[in-house]
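What follows is a short report on a single structure.
The values are calculated or read from the model by the stated rules, or taken from the named source; none is laboratory data. These numbers were taken from a predicted model, which means no experiment stands behind them. Heads up, the Cβs are rebuilt from the backbone with ideal geometry, glycines too, and the neighbour counts pull from every protein chain shown. We work out accessible area using only protein heavy atoms, side chains counted, and drop any ligands, DNA or RNA first. Shrake-Rupley method; radii C 1.70, N 1.55, O 1.52, S 1.80 Å.
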Amino acid sequence: MKTTRLQNLLAAALVGALALTNAHAADTPSTSAVRGRPNVLLIIADDMGYSDIGCFGGEIKTPNLDALAQRGLRATSFDVGPTCSPTRSMLLSGTDNHVAGLGNMAEFLGPKQKGKPGYEGHLNNRVVSLATVLRDAGYHTYMAGKWHMGEEPGSWPAARGFERDFSLMQGGGSNWSDMMYPNPAHPHLTFTLNGKLLEKLPDNHFSSEAYANFIMKSVDENKDDGKPFFAYLSFQAVHSPFAVPDDWLNKYQGQYDQGYDALRASRLARMKDMGIVGKSAQPFPRLPNIPAWDSLTPEQQKLSARRMEIYAAMLANMDYHIGRVLDHLKEAGKLDTTLVIFFSDNGAESIELTSLIESVFSPEAKKWFLEHFDPRPENWGRKGSVVDYGPAWAQAGSVPFRMFKGYVSEGGIRAPLIIAGPGVTHAGDINGSLLHVMDIAPTLYELAGAEHPSRKRGSTLAPLQGKSLVPLLTGKSDAIRAGSDWIGWELFGNRAVRQGDWKILYLLKAAGGSGDWQLFNLRDDPAELHDLSKTHPDKRQALLALWAEYVKTNGVILTGDGLFAKGRKETPATAEEE
């Protein structure tokens, strides 16, 4: 095997790139005190592209999510983190990921980051989890699916407020019962069931079906006690390696023969017609390392299209299981009292596992891989296969935005958001105001009548940084942020600040950027094509001052290690680098 960095690069492709809580316990409210508060079903897709689902312009059949959007609200400017674990830490804490313990993914912590506050590599004790606060406010708390916020028992879901869980500790891997991870350095996945380690999975395990089943079973077990529930359904789909049951394998056969260039164009046209993006939106250009579809040989086109077919089937299968859960709640008489929230944890994934295996594995490691996995195209999507779709299709999934997962450009951090249920006074409406994943926790606390423990006298917990969406959901306001409000990002040395329609972006040269700050107006230029630094220098400087504030407030430590490291030295975080 080659260096640890190369092993980590492969790990990141699978896991996301590419401690018992110290909250103040509260007495559980009586059943009578919790009546009238909504149940909550929080659903996350993994590595799903912005334009993939039907109600955001995609051609993939997602009737259940589309129906959810028709009875609720779609948010077209909802921001998350550029990779999975930072997003999830912000979701469950309501604070910035640099505060919550995932200032960097655990797989890429640099020497100057390890052991520092905010860089623990797991959800830390400076924050209290959403599940803990809702549990202490009288909610049942259930989780099924991907965790990726700490693999030690003190960081497991059961230690962070979930009374029932069926969870994958790592960021990705096999969707089947084999519990395998295609890297001999760490080949086995870890699952927990209600706070206990699982030695094996049922032979018929398939991730999307199993996680949906667990949520339904959990709801049923307490259906008659009168307490509301918070259910966190965290799919592995559509994280690579792509997988679907055999009867789904060919549902999209032939539908991507036109190629990724044509798919980008058709999706963008639909997005404009639907009002997801503006009529004048221009797409970020096809990357230089991606060949034009027409330049590929027929065999290359066939194999590339097949990868996208399996991805589409996996996403459609996830929608099917979402529909099963929603139907189950309806049959139980609980759907009308359940707030349903759906979004993706970051942009589409571009890393090709098979290319990495070929380039970074030693001969011994390749031998191990071929003994445990079957990478032949005829096995793609089945147990033991390793298949993904690479940057060309990821750009289609991210259209019209710049780049994809792993980047703080819009293709990495903008995600589709759907919210429907009690109190949401929208039916098919689209909202383009600036929202953030940190807003989910304060929204649910307001709806649940729960107080965040940081507000209690003497608390040392980090305060919430998000804003409640309730005024927006109830129709009392079209936005929750004033013009002066702003949000910052940093991961792998790349950084950004957004205030209203304005955004400054710093992408490292090693990440394909300019290595300098650029200024964009996202209202007119969602693909971040036109740097306005020279025509609006005052705005650039004002946002750079906010970047300095972001660094200070959240304890950002920039490092040369990480996804885009190429021998660079660690550097301190500064407002601007020359």
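With a 1.4 Å probe and all protein chains left in place, how much of the accessible area of region 419-562 comes from carbon and sulfur atoms, in whole percent? Roughly 49 percent of what the probe reaches on region 419-562 is carbon or sulfur. Between residue 253 and residue 476, the contour length at 0.36 nm per residue exceeds the Cα-Cα span by 75.7 nm. Can you give me the % of accessible surface on region 258-393 that is carbon or sulfur? Probe 1.4 Å, all protein chains present, nothing else counted. Solvent-exposed carbon and sulfur of region 258-393 make up 55 percent of the total. Extending 7 Å from the Cα toward the beta-carbon at both residue 302 and residue 186 defines two label points whose distance is 3.9 nm.
The stretch between residue 427 and residue 372, if pulled fully straight at 0.36 nm per residue, gains 14.9 nm over its current Cα-Cα span. One decimal place: the segment residue 116-residue 364 gains 85.7 nm when fully extended, by the rule 0.36 nm per residue minus the C-alpha distance. For region 186-210, the residues whose amide N sits under 19 Å from a probe point set 7 Å from the Cα of residue 327 along the beta carbon direction are 206-210. Take every pair of alpha-carbon atoms less than 8 Å apart whose residues are at least six positions apart; their mean separation over the length of region 337-457 yields a relative contact order of 33 percent.
Shown for region 88-224: the carbon plus sulfur share of the solvent-accessible area, taken with all protein chains present and a 1.4 angstrom probe, equals 50%. Simple spin-label estimate for residue 203 and residue 530 gives 6.3 nm between the two label positions (7 Å along the Cα-to-Cβ direction from each Cα). Region 147-199 and region 368-387 have Cα centres separated by 22 Å. Among the protein heavy atoms, those of residue 166 account for about 20 Å² of accessible surface (1.4 Å probe, every chain in place). Each part gets one Cα centre, and for region 54-112 versus region 307-337 those centres are 18 Å apart. Accessible area per residue for the chain, computed on protein heavy atoms with a 1.4 Å probe, is 36 Å². Normalised radius of gyration (Cα atoms, divided by 2.2 N^0.38 Å) for the chain: 0.90.
Label zone of residue 541 (point 7 Å out along Cα→Cβ, amide N under 20 Å): in region 476-501 this covers 484, 497-499. At the listed q of 0.13, 0.20 Å⁻¹, the Debye profile of region 35-171, built from one uniform point per Cα, gives log10 I(q)/I(0) equal to -0.65, -1.23.
Here each label is just a point 7 Å from Cα along the line to Cβ, and for residue 222 and residue 262 those points are 5.1 nm apart. The spacing between region 480-553 and region 260-280, judged by their C-alpha centroids, is 25 Å.
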